[in-house]
Each structure stands twice: as structure tokens, then as C-alpha cells.
Amino acid sequence: MWRYEDTAGGEKDTGAKPEEFSTQSDAESWIGENWKDLLEAGVDQVTLLEDGTVVYGPMSLHPVEQ
């Protein structure tokens with residue numbers, strides 16, 4: 001499950017029920033397809049959780065400035 005967060009790491013409520021995934025690969029594919037919508041909804045970063053344990057993150061949804 002992805003936890004949606006603000007830049008300070010606080011949980012961000014988008015009003016949508018968080019997606020559950022059977023594999024990490026499925027979760028990564030989903031975020032790759034939906035990150036722009038989450039960013040537009042006010043989510044700044046995400047953390048991937050499995051059974052409440054952090055798998056990785058936080059990962060910013062903001063594009064890298066070059």
C-alpha cells in the first residue's frame with residue numbers, strides 16, 4: 001500500500017481509499033501510472049508499506065529540476 005504524504009512526511013488524505021497490491025512490482029507499476037494525479041491532488045511524496053512496515057520511501061512525486 002502506498003501512504004500518501006506531504007513534504008514533511010505527514011499523511012495526506014486524498015479522499016480515495018489507498019490501493020492494495022499483491023506484489024511490489026504491481027505497486028510500482030501503479031504509482032508510475034498515477035503519480036501525476038496524486039501530485040495534482042496535493043500529494044508531495046509516497047512511502048510503500050507492507051503490513052505497516054516501510055518497504056521504501058519516502059519518494060517525491062515532484063519532477064527533478066535540471
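The values are calculated or read from the model by the stated rules, or taken from the named source; none is laboratory data. These figures come from a predicted structure and were not determined experimentally. Every residue, glycine among them, receives a Cβ derived from its backbone with ideal geometry; neighbour counts consider all protein chains shown. Keep in mind that these areas ignore ligands, DNA and RNA; they rest on the heavy atoms of the full protein, side chains included. Shrake-Rupley method; radii C 1.70, N 1.55, O 1.52, S 1.80 Å.
Using Cβ point charges alone (K and R +1, D and E -1), the dipole size of the chain about the Cα centre works out to roughly 60 debye. Its relative contact order, with pairs defined as Cα atoms under 8 Å and 6+ residues apart, puts the chain at 36 percent. Entry note, the chain: the mean residue ellipticity at 222 nm calculated from DSSP H runs of n ≥ 4, each adding -39500 (n - 2.57), is -8500 deg cm²/dmol after division by the residues and rounding to the nearest 500.
Spin-label model, ASP37/VAL55: points 7 Å from Cα along the beta carbon direction are separated by 1.9 nm. Highest mean packing first, where packing is the average number of other Cβ atoms within 10 Å per residue, the peptides 44-51, 11-18 line up as 44-51, 11-18. Under a 5 Å amide H cut-off, with hydrogens placed 1.01 Å from N, LEU61 pairs with GLN45, VAL46 among residues at least 5 apart or on other chains.
3J(HN,Hα) couplings calculated from phi for the stretch 17-24 with the Karplus curve 6.51 cos²θ - 1.76 cosθ + 1.60 (θ = phi - 60°) are, in sequence order, 6, x, 6, 9, 10, 7, 9, 5 Hz; Gly and Pro show x.
Using a probe radius of 1.4 angstrom, the carbon and sulfur fraction of the accessible surface of the chain is 45%.
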